[in-house]
Amino acid sequence: MEENQMLKEFIEQYKQRVEKQFPTMINSLAGPQRLKDAMLYSLEAGGKRIRPMLLYAVLHGYGRPAVMGDAAACALEMVHTYSLIHDDLPSMDNDDMRRGMPTNHRRFDEATAVLAGDAMLTHSFHLIAADQHLDDAVKVKLIEQLSRASGAGGMVGGQMADMLAEREENILAADLENIHEHKTGDLLAVGLQMGAVAAGADEEAQKHLDLFGRHIGLSFQIKDDLLDVEGDEALIGKPVGSDQTNHKHTYVRLLGVEGAKKRLDEHTEAALEALQHVHADTSILSALAHYIRTREQ
């Protein structure tokens, strides 16, 4: 099967798989309906579902059933979605639109958006702990991985470093890569790490899958920066040029368009090289790396 078609079918199958779990998962929770409505609003707002897709791709590569990754995949997407809700807040990026829709705090209110994000973050760990398809030792490891990747030493720390960097007039490309390795890369890489642990991959494979994830995480961010300059607003769902308007440090600003494209190619090729050391079917992961480099939204 041609690579793009194979990837398209995989994405559609597993995108539907993770999305169909959200309504029951959220509506079965105790708590005010407005809170649950706000959680579902952002969870159902669309998105590429790249993070759970990476987890499922590793399980697929090792011939493991998808059900082994369902709870972890949903947990991972909930952590990602909570981060977007909080990133959009007036005190952070102050964005009015996300994926072509009003941001959570615009659709509801700022306090509800904060609490919806809080609820998603905490419930993500409950999902893994309550999973009936994994051994307890595996669940503990998955919780440890996700909490590390999303916390002060991972995504949240990367977000803080990004905010601090905005106060500086000049930073180096290496500084920006360090920020985004945590802000974006950690939550992408952990999907691969969690998939590898659930699949029972050996330590060598886990190491190279993690390396693959870190390179595509940087590729993903560089491509985002390029789309902010060259993208189609109708496709990306938010105004083009917002990074420049907000005076944000981006790869395009530091390296120029051509320099950013060169760095994107370097990270993509390094990611693909890491897959050469993983003795499993990595065709989906390889196709995903190519997709990240060429995506239009």
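Name the pairs whose Cβ atoms lie under 8 Å apart, with the first residue in region 129-143 and closer than 10 Å to VAL197 by Cβ, the second in a loop (DSSP other than H, G, I, E, B) and of a type in the set (A, V, I, L, M), and 6 or more positions between them or separate chains? Listed pairs, sorted by first residue: LEU142/LEU134.
Do we find a residue being farther than 24 Å from SER28 by Cα and touching a Phe, Trp or Tyr at 6+ places or on another chain (Cβ under 9 Å) anywhere in region 164-174? Yes, some residue in region 164-174 is farther than 24 Å from SER28 by Cα and touching a Phe, Trp or Tyr at 6+ places or on another chain (Cβ under 9 Å).
Taking the criterion of being free of Cβ contacts under 8 Å to residues at least 60 places away in the same chain and either part of a helix (DSSP H, G or I) or in contact with a Phe, Trp or Tyr (Cβ under 9 Å, 6 or more places away or on another chain) (or both), the residues of region 103-115 that qualify are HIS105, ARG106, GLU110, ALA111, VAL114.
Yes/no per residue for (1) over 18 Å from ALA116 (Cβ atoms); (2) not aromatic (Phe, Trp, Tyr):
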| site | (1), (2) |
| --- | --- |
| GLN13 | yes, yes |
| TYR41 | no, no |
| MET53 | yes, yes |
| VAL58 | yes, yes |
| ALA71 | yes, yes |
| ALA75 | no, yes |
| LEU84 | no, yes |
| ASP88 | no, yes |
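Being surrounded by 20 or more Cβ atoms within 10 Å (Cβ to Cβ) and either out of contact with any strand residue (DSSP E or B) (no Cβ under 6 Å at 6 or more places or on another chain) or among the acidic types (Asp, Glu) (or both) is a property that GLY100 lacks. When region 40-57 is filtered for residues that are closer than 15 Å to CYS74 by Cβ and more than 17 Å from the chain's Cα centre (by Cα), only LEU40 remains.
Selection over region 283-297 of residues that are more than 11 Å from LYS48 (Cα to Cα) and part of a loop (DSSP other than H, G, I, E, B) gives a count of 1.
Looking only at helices (runs of 4 or more DSSP H) that lie completely in region 127-209, which have at least 3 residues being surrounded by fewer than 18 Cβ atoms within 10 Å (Cβ to Cβ)? Reasoning before the result, please.
Values: elements: 136-150, 155-165, 173-180, 186-199.
Those helices (runs of 4 or more DSSP H) span 136-150, 155-165, 173-180.
Scoring LYS141 on the criteria (1) modelled with pLDDT under 95; (2) farther than 19 Å from LEU218 by Cα leaves a single failure, condition (1).
The values are calculated or read from the model by the stated rules, or taken from the named source; none is laboratory data. A quick note: this is a predicted structure, and the numbers were derived from the prediction, not measured. All Cβ positions, glycine included, derive from the backbone under ideal geometry; neighbour counts span all protein chains shown.
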